[in-house]
Amino acid sequence: MKLLTKELQKALPPLYSTENEEDPMVVCKFFHPRSNWTWYVTEASLQTVKDGEELCIGLTEAIPEGAQPIDVLMFGLVDGFEAELGYISLRELASVRDDWGLGVERDIYWTPKRLSEVRESL
């Protein structure tokens, strides 16, 4: 399963663009089917490196000449040991495999909702 579709890339605002919003929209949800870990994403940017310097750009922006993509850095609510806001690496999510070989999945039935609604449901 592709974790980050083209549609989601268009829908996710760049990192820090909603930091002043009291109740940002949770655009997508990822989960591991055999654990209690869930990731609710509000923002995302492409993390690149150019001349040894890291740059983050919006997912729909053109990659600067000479820059190499290294990851997609996301921000949102992470519900694992406890629920807290934090950064999420798409590369790390994609690399997770349990002893059955199962990885993180995207909730294909997810409907975007406000962060406050997600917190109330936890």
Exercise. Would you mention how many residues in the stretch 67-92 are within 14 Å of the chain's Cα centre (by Cα), over 27 Å from Glu22 (Cβ atoms) and surrounded by 14 or more Cβ atoms within 10 Å (Cβ to Cβ)?
Key: 1
Exercise. Return the only residue of Ser121, Ser116, Ser35 being more than 18 Å from Met1 (Cβ to Cβ), exposed (fewer than 13 other Cβ atoms within 10 Å of the Cβ), over 17 Å from the mean Cα position of the chain (by Cα) and touching a residue at least 60 places away in the same chain (Cβ under 8 Å).
Key: Ser116
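Read the figures in this text as sums done on the coordinates, not as results from a lab. Keep in mind that this is a model prediction, so the values were computed, not measured. Backbone-built Cβ (ideal geometry, glycine too); neighbour counts: all protein chains shown.
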